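The values are calculated or read from the model by the stated rules, or taken from the named source; none is laboratory data. For clarity, every value in this text was computed on a predicted model and none was experimentally measured. No Cβ is skipped: glycine too gets one built from the backbone with ideal geometry, and neighbour counts run over all protein chains shown.
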Amino acid sequence: MLLVALALGVGSAIWVTQRGINVSIVRVGPWQSELASGSEKADPYTRAVVALNGLFALTPAQSLYFTATMDSGGKPLMVNCTYKLTGRDLPARWWSVTAYGPDNYLIPNSQERYSVAKTGLLREADGSFNISVSPDAGAGNWIPTGMPADSQTFILMIRLYNPEEALVKNPQDATLPAITLESCS
Amino acid sequence: MRAALSWIFATLMLSVIIHIITIHTIPYAVMHRAMSRMSENAGGVNKPSFPPAPTATSRGVVRPSPDLLYVACVYDVDKNPVRFTGLVPDGYWSLSFFADNSDNFYAIDDRKLPSKSVDVLLASEDQEVQPHPGETLVISPSDKGVALFRFLVTGPAAREAMDKLRHQSGCAPA
């Protein structure tokens, strides 16, 4: 009995944490945020999920995190595909977009380039930006996703440091970049 | 039949209890592993470590920020309070504290500091301590935990200067 209960109890706990099921998620298009990240008020499930996927996350007043595992069309983000992120400056003192592998670590690439940030971002004349996320070097803003041969999924994460107060209060109203699938090899 | 139903019911009840214990244990286990690795890198607790800038080979913590340089300190306030000091750059900087269950119970950033330096005294709930003038007293909900200094690097040109500045940060028993 103990062995069966152990398998069920531990297995269901791992399943729940890997699925990221909890009650404090806010979704904005393909992006989602664990609002209780780092908080002493976090429920046990959020605390477990954050410990496994974002240890040392700061509270939303200090930093907001949005992650995406799907594009705006609802398909999983794949390293052998090219995506275009389009948007406008985000309401924070500083922000960045970073790509991670499914193991939650930075993706190896020959240029050791892992993110695009508010500083250094190339903008269009109207202030908007386009960021290419692909295995192939793109002109302008580009985040590499590794080698196409890997053919695996990846994660995008937006960090917003010192987010504006209105965003902290109503993160569900954030205007975040669209993730458009352009092509796959 | 009745015996079989009783067995199923008891097994399900036991699995629910194990599930709840597992969920509550995960943050402590993850923190324990991280603190062991970080204190080993620093040569002990209450000592700072200066990890290299995150790359694709970094395995210290999940989802590291490639745009930050860190100073990490595993603290233990069981016997003595611990003092955290450092110089603060222009641009985003923060000092944050995480209890042994991973909760971020205190954080301060450069905008909240009156000067370009930081001086925080961390103590346990049962210690009676008198902070220095200008020093911020913070009470840790657990004896052990992690403090992280975060330094934003806005580009390759800023990395060397920020690396020098972060080495002015530290932690030590008070």
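For the list (1) surrounded by fewer than 18 Cβ atoms within 10 Å (Cβ to Cβ); (2) more than 7 Å from chain A (Cβ to nearest Cβ); (3) part of a helix (DSSP H, G or I), I need the number of the one condition that B:L14 fails.
The failed condition is (2).
Looking at region B:26-56, which of its residues are more than 7 Å from chain A (Cβ to nearest Cβ) and over 30 Å from B:A172 (Cβ atoms)?
none
Looking only at region A:100-109, count every residue that is closer than 13 Å to B:R63 by Cα, touching a residue at least 24 places away in the same chain (Cβ under 8 Å) and facing chain B (nearest Cβ under 10 Å) and tell me the total.
Total satisfying the criteria: 4.
Quick one: A:F56 ticks every box in (1) within 14 Å of another protein chain (Cβ to nearest Cβ); (2) modelled with pLDDT of 85 or more; (3) within 14 Å of the chain's Cα centre (by Cα); (4) crowded, with 20+ Cβ neighbours inside 10 Å except a single one, so which number is it?
Of everything listed in (1) within 14 Å of another protein chain (Cβ to nearest Cβ); (2) modelled with pLDDT of 85 or more; (3) within 14 Å of the chain's Cα centre (by Cα); (4) crowded, with 20+ Cβ neighbours inside 10 Å, A:F56 misses just condition (3).
Need the failing condition index for A:V26 against (1) closer than 29 Å to B:I18 by Cβ; (2) surrounded by fewer than 22 Cβ atoms within 10 Å (Cβ to Cβ), just the number.
Evaluating A:V26 over (1) closer than 29 Å to B:I18 by Cβ; (2) surrounded by fewer than 22 Cβ atoms within 10 Å (Cβ to Cβ) leaves (1) as the failure.
If we scan region B:110-128, do we find a residue that is among the small types (G, A, S) and within 14 Å of chain A (Cβ to nearest Cβ)?
Looking through region B:110-128, none of the residues is among the small types (G, A, S) and within 14 Å of chain A (Cβ to nearest Cβ).
Here is a list: B:I8, B:I23. Which entry is in a helix (DSSP H, G or I), of a type in the set (A, V, I, L, M, F, W, C), at the interface with chain A (Cβ under 9 Å from one of its Cβ atoms) and over 25 Å from B:G155 (Cβ atoms)?
B:I23
Among the numbered conditions (1) over 19 Å from B:Q130 (Cβ atoms); (2) surrounded by fewer than 16 Cβ atoms within 10 Å (Cβ to Cβ), tell me where B:V88 comes up short.
So B:V88 meets the others, but not (2).
Return the residue satisfying two criteria in turn: it lies in region A:110-168 and is within 21 Å of A:G54 (Cα to Cα) and not in a strand (DSSP E or B), and of such residues it is nearest to the other protein chains (Cβ to nearest Cβ). Don't jump to the end; show me each part of the working.
So in region A:110-168, the residues within 21 Å of A:G54 (Cα to Cα) come out as A:113-117, A:143, A:145, A:152-163, A:167-168.
Restricting the remaining residues to those that are not in a strand (DSSP E or B) gives A:113-114, A:145, A:152, A:154, A:167-168.
Numbers: A:R113: 9, A:Y114: 4, A:T145: 12, A:Q152: 14, A:F154: 12, A:L167: 16, A:V168: 14 Å.
Among those residues, the one meeting the criterion is A:Y114.
Can you name the residue in region A:4-50 that is in a strand (DSSP E or B) and at pLDDT below 85 and is also farthest from the other protein chains (Cβ to nearest Cβ) among such residues?
Checking each candidate, the answer is A:I25.
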